[in-house]
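J.: I have a structure I would like to understand better, so I am pasting it below and will then ask my questions one at a time.
The values are calculated or read from the model by the stated rules, or taken from the named source; none is laboratory data. In this text, all values refer to a predicted model and were calculated from it rather than measured experimentally. Cβ placement follows ideal geometry from the backbone for every residue including glycine, while neighbour counts extend to all protein chains displayed.
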Amino acid sequence: MAHDSELSVANIASVAEGVLMSPRGPPSSVGASELGRLALGRPGSRDSEMVTTRSGAKREAASKGEKARSSAGPSKKKGQEKASSSKTTRKSGRTSKSAAAQDDPDDSDDDDDPDDSDKSEDEGTGGVEQAVLKLALIHEPSHHSWAEFRSPDTRRSLESTIYRNIHMQHARKYRTAADLAPLMAVAPVGGRDWSEIMASKMWRRWHSILEEYRRYINPDSAGGNDVDTTIESIRRLFHAVEDTLRQFPGMPDNAKQQLGGIFLRVFQTFPVYKDSNRPQGAPSYAGGSTQFEYNLLFRFAALKASWLQCLEVLRRLHGAGYAGLFHARQEDWAGVHRDMYHVLGTAGWPRDSGEFITVLHRILTALGVAIAPIPTS
């Protein structure tokens, strides 16, 4: 009797599991005669026992079916085949993410996930916007580099601020490569025309820095920038030129040579202003009448905080493969070292400029500049 009951329960569990797992409809779709046949096949059963056993069997079957599915893992039955079909439909019809997750819970790493696709589309759109901004870079009023133009922390004039804000808004209107194509046809980023304009902008930036310093030391002129402000502007210029060379490596060699020439011109300019004394009306520092605090050359060469970042730019460009820019002008660079050595060596003060000369010699040598020994007598 007990054995027959176990068999009957097992049979009912099998049918009930099929009912629970069937994707085609509710349990009522299974014929009552089939369940009745299984129950009536147990000899000696009473109606009350049959009812009690049937309801208990359903609960037990449901419990066993749930345990079996959790231990064996999801099996691909008809319901999951429909989920696979829905994934194909999702590629074109874009069904909701929640519906896809319910149909196929194991598809969390699917490459066709809508979020991943949207992210890729955003990245593509961002690339188009960046290209539009790079095109606008060559007309930026303050002659900024790409990193400066892109950064919200860059110090800007009112004109530059307005220019940037306008073009940031304008660039968002371009969404696809097709939108970008007409602009790129005019002056491709990194192309000959674009690169020549970019190099000339950096040269104008240097001329502006020098002009402001000249105004400062001119006794007949008011305004301008003092030595410390000038040196800070030079450091920023060096970083801007480096950024331009790194961001746009495909520029023509002529534009790269023009940019590299800025470094040379700046170093050639320092010795020219070895005698610049305190401007009229400027405060006097303690330490004598020579007033080296107002001298561009000595204020640069004597203070490591002034020259270190500039020489670091040259060193990094060597590592980035731009040593040829210096090797092509090695005679001029050797002349820079020679002039600096003589001017700083004959100065009564400051003596701590010797480290600058030593580091300059080492970096220029690494860049392929042949520096002849300087006579000591």
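J.: Which members of the range 173-187 meet the condition of being surrounded by 12 or more Cβ atoms within 10 Å (Cβ to Cβ) and out of contact with any helix residue (DSSP H, G or I) (no Cβ under 6 Å at 6 or more places or on another chain)?
T.: Across the range 173-187, the qualifying residues are A177, D179, M184.
J.: Just to be sure before I move on: is F248 aromatic (F, W, Y) and out of contact with any Lys or Arg (no Cβ under 9 Å at 6 or more places or on another chain) in the structure I sent?
T.: When the stated conditions are applied, F248 does not pass them.
J.: Still on this model: Mind listing whichever residues of the range 135-171 are within 15 Å of the chain's Cα centre (by Cα) and either crowded, with 18+ Cβ neighbours inside 10 Å or assigned by TED's automatic domain parsing to the domain that holds E232 (or both)?
T.: W146, E148, F149 - these are the residues of the range 135-171 that are within 15 Å of the chain's Cα centre (by Cα) and either crowded, with 18+ Cβ neighbours inside 10 Å or assigned by TED's automatic domain parsing to the domain that holds E232 (or both).
J.: Condition test on I234, is it of a type outside the set (D, E, K, R), crowded, with 21+ Cβ neighbours inside 10 Å, closer than 30 Å to S195 by Cβ and in contact (Cβ under 8 Å) with a residue 60 or more places away in the chain?
T.: Here the answer is yes, as I234 does meet what is asked.
J.: Of the residues in the range 310-332, how many are in contact with a Phe, Trp or Tyr (Cβ under 7 Å, 6 or more places away or on another chain) and of a type outside the set (F, W, Y)?
T.: 3
J.: Here is a further query. Looking at this structure, is R246 at pLDDT 95 or above, of a type outside the set (D, E) and exposed (fewer than 14 other Cβ atoms within 10 Å of the Cβ)?
T.: No; evaluated as a whole, the condition is false for this residue.
J.: Follow-up question, since we're still on this one. Give the residue that is farthest from L180 (Cα to Cα), with candidates limited to residues of the range 140-150 that are in contact with a His (Cβ under 9 Å, 6 or more places away or on another chain) and assigned to a loop (DSSP other than H, G, I, E, B).
T.: Filtering first and then ranking leaves S145.
J.: Are there helices (runs of 4 or more DSSP H) fully within the range 173-259 with at least 2 residues that are charged (D, E, K, R)? List them.
T.: 192-217, 227-247
J.: If you don't mind, another one. Any chance you could count how many residues in the range 345-377 are modelled with pLDDT under 90, surrounded by fewer than 12 Cβ atoms within 10 Å (Cβ to Cβ) and outside any helix (DSSP H, G or I)?
T.: Going through the range 345-377 one residue at a time, the tally reaches 7.
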